[in-house]
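For reference, the structure is listed below as structure tokens.
The values are calculated or read from the model by the stated rules, or taken from the named source; none is laboratory data. Since this is a predicted model, take the numbers as computed values, not measurements. Note that we place each Cβ from the backbone using ideal geometry, even for glycine, and neighbour counts take in every protein chain shown.
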Amino acid sequence: MITYQTDGVKMPTIKRREISAWVKSVAQSLGKKVGDVAYIFCNDEKILEVNREYLQHDYYTDIITFDYTEENTISGDLFISLDTVRSNSEQLGVSYDQELRRVIIHGILHLCGIDDKGPGEREIMEEHENKALAMLND
């Protein structure tokens, strides 16, 4: 089950059924099933608090993914800072909605086992993001 929650922000305008179906189809395309996935939309202050408390990182980020995946069933809590999504969309020159969709699927790709920290991994992640975004726009 995919749930959508907020912490200190207004729920973003997203079509939850459409996003949930998209998330499931992206996971399926990577050989995974969707278990319990919780999106928690928050502000920069909350994501910084989560980053400090659980990851010992002292910086803002757009998404933090807590992975509870077992075998081929992906599960996790995905904290998304809408403040950072907005500032990233402005810096990248893309719409807020487009950047939000990219971040929403970015967390799912992490749960599916795709990383972006090592050499060459960011390009692989971007390729998967672009494929996934194209699936939503079809």
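Considering only residues in the stretch 1-25 that are assigned to a strand (DSSP E or B) and among the polar types (S, T, N, Q), the one that is surrounded by the most Cβ atoms within 10 Å (Cβ to Cβ) turns out to be Thr6. Just one of the listed residues (Glu18, Glu70) is over 16 Å from the mean Cα position of the chain (by Cα) and not aliphatic (A, V, I, L, M), and it is Glu70. Based on what the data block shows, is Leu111 touching an Asp or Glu at 6+ places or on another chain (Cβ under 9 Å) and over 21 Å from Gly76 (Cβ atoms)? It is false that Leu111 is touching an Asp or Glu at 6+ places or on another chain (Cβ under 9 Å) and over 21 Å from Gly76 (Cβ atoms).
Given (1) surrounded by fewer than 16 Cβ atoms within 10 Å (Cβ to Cβ); (2) of a type in the set (A, V, I, L, M); (3) assigned to a strand (DSSP E or B), identify the lone condition not met by Val94. All conditions are met except number (3).
In the stretch 55-71, of all residues being modelled with pLDDT of 95 or more and aromatic (Phe, Trp, Tyr), the one that is farthest from Ala27 (Cα to Cα) corresponds to Phe66.
In the stretch 43-54, the residues that are surrounded by 14 or more Cβ atoms within 10 Å (Cβ to Cβ) and assigned to a helix (DSSP H, G or I) reach residues that are aromatic (Phe, Trp, Tyr) and modelled with pLDDT under 95 with C-beta atoms within less than 7 angstrom, at least six apart or across chains, in these pairs: Asp44/Tyr60; Ile47/Tyr60; Leu48/Tyr60; Asn51/Tyr59. If you go through the stretch 26-40 one residue at a time, do you hit one that is crowded, with 17+ Cβ neighbours inside 10 Å and in contact with a Gly (Cβ under 7 Å, 6 or more places away or on another chain)? Yes; the residues of the stretch 26-40 include at least one that is crowded, with 17+ Cβ neighbours inside 10 Å and in contact with a Gly (Cβ under 7 Å, 6 or more places away or on another chain).
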